[in-house]
Amino acid sequence: MFYYRAAESRGKANFGWLQSQHTFSFGEYYDGDHMGISTLRVINDDVVAPGAGFGNHGHRDMEIISYILEGSIEHKDSMGNQFTVPAGEVQRMSAGTGIMHSEFNASKTEPLKFLQIWITPNVTGIKPSYEQMPIVQSSTMTALVTPDGRDGSLSIHQDASIYRLKLTAGESYELAALAKEENERVGYLHVVEGSSVNIGTGLKAGDGLGIIKDQLKLTAGDDGLVALWFDLPSEQ
């Protein structure tokens with residue numbers, strides 16, 4: 001079974017300093033047909049104007065991942081962390097019992113583009129924590145976030161993993177929502193850039209496709225393909 005989310009049908013928010021496209025219901029955007037998939041609750045495609053950003057605000061009991069596409073984020077939080085997160089790096093915050101933080105575009109001249117991802121944790125009330133690191137594309141499918149931080153990835157408090165899939169023009173790769181310990185898994189693909197040419201009319205940047213009890217063979221278009229692959233539990 002497939003769940004398709006077209007880029008152009010995503011929710012939109014424009015605050016002048018921030019332009020955001022919401023794959024799932026978020027903030028003032030609500031669509032009962034798009035509330036998330038499994039434990040994946042938010043994928044926001046954000047573009048932040050130079051020098052602008054999100055002022056100090058709070059979260060609790062959520063795993064929050066930022067994948068930086070262009071520019072850099074200036075991060076500060078109530079744990080005392082103060083870091084710059086540049087393009088090519090991934091950041092993870094476990095909000096736990098509660099955390100306050102701010103995120104600003106580190107540049108005064110260039111826009112910041114990043115994906116903000118929220119995953120519900122499998123444990124609540126934990127001590128907040130923070131990680132960031134550069135992730136080198138070591139193979140076609142590279143782990144960014146995993147439950148145990150394996151293969152040099154960030155760790156997360158959920159039986160969920162995020163991988164970066166990178167294909168050159170014409171290269172193919174097969175994805176599957178595999179069973180794990182006799183339980184079905186749920187997969188979700190979010191296209192970051194490039195295209196896939198062999199799924200109906202194809203997939204383009206911003207498109208998403210959920211996979212339940214099925215397989216998906218991708219073939220990259222002329223400009224290649226970069227996507228995030230989410231391996232998620234079947235039970236929310």
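The values are calculated or read from the model by the stated rules, or taken from the named source; none is laboratory data. It should be emphasised that the depicted structure is a prediction, and the values quoted were computed from it without experimental measurement. Neighbour counts are summed over all protein chains in view; Cβ atoms, including those assigned to glycine, are modelled from backbone coordinates with ideal geometry.
General remarks:
- Residues of segment 167-186 that turn out to be over 17 Å from Leu209 (Cβ atoms), among the basic types (Lys, Arg) and modelled with pLDDT of 85 or more, as a count: 0
- Residue in segment 137-155 that is surrounded by fewer than 19 Cβ atoms within 10 Å (Cβ to Cβ), over 17 Å from the mean Cα position of the chain (by Cα) and hydrophobic (A, V, I, L, M, F, W, C) present: no
- Spans of strands (runs of 3 or more DSSP E) in segment 1-41 with at least 1 residues in contact (Cβ under 8 Å) with a residue 40 or more places away in the chain and surrounded by 12 or more Cβ atoms within 10 Å (Cβ to Cβ): 2-5, 18-22
- Among residues of segment 203-222, those that are farther than 12 Å from Glu171 by Cβ and assigned to a strand (DSSP E or B), counted: 9
- Test result for Asp45, within 23 Å of Ile99 (Cα to Cα), charged (D, E, K, R) and assigned to a loop (DSSP other than H, G, I, E, B): no
Conditions tested, residue by residue: (1) under 23 Å from Val226 (Cβ atoms); (2) among the hydroxyl-bearing types (Ser, Thr, Tyr).
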{"residue": "Gln82", "(1), (2)": "no, no"}
{"residue": "Pro86", "(1), (2)": "yes, no"}
{"residue": "Val90", "(1), (2)": "yes, no"}
{"residue": "Leu115", "(1), (2)": "yes, no"}
{"residue": "Asp151", "(1), (2)": "yes, no"}
{"residue": "Lys166", "(1), (2)": "yes, no"}
{"residue": "Tyr188", "(1), (2)": "yes, yes"}
{"residue": "Gly194", "(1), (2)": "yes, no"}
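- When Leu216 is tested against (1) in contact with a Leu (Cβ under 7 Å, 6 or more places away or on another chain); (2) at pLDDT 95 or above; (3) not β-branched (Val, Ile, Thr), only condition (2) is not met.
- Search result, residues across segment 124-136 that are surrounded by fewer than 18 Cβ atoms within 10 Å (Cβ to Cβ), among the hydrophobic types (A, V, I, L, M, F, W, C) and at pLDDT below 95: Met133, Val136
- Of Ala52, Ala106, all but one fail to be crowded, with 17+ Cβ neighbours inside 10 Å and among the small types (Gly, Ala, Ser); the exception is Ala106.
- Candidates Val47, Val42, Val90: the one that is in contact with a Pro (Cβ under 6 Å, 6 or more places away or on another chain) and modelled with pLDDT of 95 or more is Val47.
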